[in-house]
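Beneath this line is the structure, given in structure tokens, with notes to follow.
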Amino acid sequence: MNAHGLGEASDWVKRWTHLARPGGRVLDVACGRGRHMAWFAARGFAVTGIDRDAQALSHARQFGQVVQTDIENAHWPLQANDTPATFDVVLVTNYLWRPLLPVLLQSVAPGGLLLFETFAVGNETVGKPARPDFLLQPGELLQYAAGMTVVAYENGFLSHPKRFIQRIVAVAPGAPSPANDRVGKPPLRHLLSLE
């Protein structure tokens, strides 16, 4: 895994892409050179990447729309009337800026998907990032996604390359079938794999 968007899409992202609305809008936060933008674009999604690195975005541009901004020190650029634009998938990998998390959650469309994978406490024992500001505490993503349907969550150690990670896939409330219409019907199915 490369730190700023090089290489193949994350196995976590590959595993859960099937839950995304086909042809939907995807936001890749801190997209780097666009490895995940490429993954989604190749599958027919409309992709937007946001990052502060102009050089990385010059490569990512081939996969979709890009927005250059410092999301840690500027206003969130993807909004209208002070309301964040919404996307069918909001994707974050290898990045953590806690003050932005509420905006990212608001950016997930009703019935949309949050795909989040980044470094966790313990990573300081095997490499970078090592600062607590960049490492998730146990269960932290579960707390942020408390109002969503969590389909999968992991918090642990991966051996190649060595890293401690936390990751979640969660569906925002408001799926196409309203909850009131589901009374007496089977629950919505979020397939755990494509078999």
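The values are calculated or read from the model by the stated rules, or taken from the named source; none is laboratory data. What you are looking at is a predicted structure, and each value in this text was computed from that prediction instead of being measured. Cβ sites come from the backbone with ideal geometry, for glycine too, and all protein chains shown count toward neighbours.
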Would you check if Val90 is modelled with pLDDT of 95 or more and farther than 26 Å from Pro132 by Cβ? no
Output the number of residues of the range 43-79 satisfying the condition of being closer than 21 Å to Arg21 by Cβ and of a type in the set (A, V, I, L, M). 4
Residue set Thr118, Thr93, Thr125; condition more than 13 Å from the chain's Cα centre (by Cα) and not charged (D, E, K, R); output residue Thr125
Answer yes or no as to whether Leu96 is closer than 29 Å to Gln65 by Cα, out of contact with any Leu (no Cβ under 6 Å at 6 or more places or on another chain), assigned to a loop (DSSP other than H, G, I, E, B) and not aromatic (Phe, Trp, Tyr). yes
For Gln62, state whether it is touching a Gly at 6+ places or on another chain (Cβ under 9 Å) and either modelled with pLDDT of 95 or more or not in a helix (DSSP H, G or I) (or both). yes
Hits in the range 132-164 - residues which are within 17 Å of the chain's Cα centre (by Cα), of a type in the set (S, T, N, Q) and within 17 Å of Asn94 (Cα to Cα): Asn155
If a residue has to be under 16 Å from the mean Cα position of the chain (by Cα) and over 20 Å from Ala109 (Cα atoms) to count, how many in the range 40-70 make the cut? 1
Please enumerate the residues belonging to the range 160-187 that are hydrophobic (A, V, I, L, M, F, W, C), loosely packed, with under 12 Cβ neighbours inside 10 Å and either at pLDDT 85 or above or in a helix (DSSP H, G or I) (or both). Ala179
For the range 87-107, does any single residue satisfy the condition of being farther than 24 Å from Gln137 by Cβ, in contact with a strand residue (DSSP E or B) (Cβ under 9 Å, 6 or more places away or on another chain), of a type outside the set (Ser, Thr, Tyr) and surrounded by fewer than 20 Cβ atoms within 10 Å (Cβ to Cβ)? no
Could you list, in sequence order, the residues of the range 129-156 that are among the polar types (S, T, N, Q) and more than 20 Å from Asp11 (Cβ to Cβ)? Gln137, Gln143, Thr149
Can you report the number of residues in the range 117-159 which are part of a strand (DSSP E or B), exposed (fewer than 15 other Cβ atoms within 10 Å of the Cβ) and not aliphatic (A, V, I, L, M)? 4
Taking the range 27-64 and keeping only residues that are closer than 22 Å to His75 by Cβ and among the basic types (Lys, Arg), one is left with Arg52
Quick test of your reading of the structure: Asn73 fulfils all but one of (1) part of a strand (DSSP E or B); (2) surrounded by fewer than 22 Cβ atoms within 10 Å (Cβ to Cβ). Name the failing condition by number. (1)
